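Data first, discussion second: the structure below is written as structure tokens.
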Amino acid sequence: MAQQSPTRRGLISTAGAALALGVSGLIVPARAKSGGQSGGLAATPTMRGGANNYRPGAPIVDRIGGGGFWTTGTVRREGDGMPLAGRRIQVWAHTTEGHERDARSHGATLTDADGVFRIEMPQIVPAFGQPHGHLAYDADYDDGGFETVFLRPVMARMSDTRLHVEFVLRPA
């Protein structure tokens, strides 16, 4: 008998079970089979709309604009979850000081020895109805040998003053 594709209800039930266990998309990457190894971290997929208004090679900065809002996260390797130091993460958004297409709304930062990054920027405000940020690990601006990933996480509330994102990179 041919195996049937999972139903939408089955996928939602599976996702609900994962959330009940504390696994939630960008906040804590799901544990999944990866590269033939059981229990490894799955790579973060590029999100639809993540590359919108991307500006290749945005400069590494201490802060974007006047600040007041923090974008933070970690960068780890697919499979074993090892933290990746020195990875370049670009951040941009529609903020109180500019649109996401404006050069002044873009900047990049590097991860520390624990794979952690953080960059201060102006408050993110809604664009197209949703407050959201854009983040990129762009392999063209890094010698780490990993695949490019673009993210577009949506904030839960417009009043949020932090956005935390997890990257799990797949070797190229």
Item to check | Sole exception among (1) without any contact (Cβ under 8 Å) to a residue 40 or more places away in the chain; (2) buried (at least 22 other Cβ atoms within 10 Å of the Cβ) for Ile89, by number | outcome: (1)
Checklist outcome for this item: The number of residues in segment 63-117 that are of a type in the set (Lys, Arg) and part of a strand (DSSP E or B) is 4
Next on the checklist: So, in segment 100-140, exactly how many residues are among the polar types (S, T, N, Q) and within 30 Å of Met82 (Cα to Cα)?
Outcome noted: 2
Checklist entry - Out of curiosity, is Ala108 crowded, with 20+ Cβ neighbours inside 10 Å and at pLDDT 95 or above? => result yes
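The values are calculated or read from the model by the stated rules, or taken from the named source; none is laboratory data. Values in this document were obtained by computation on a predicted structure and should not be read as measured data. Positions of Cβ are generated from backbone atoms using ideal geometry, with glycine treated the same way; all protein chains shown enter the neighbour counts.
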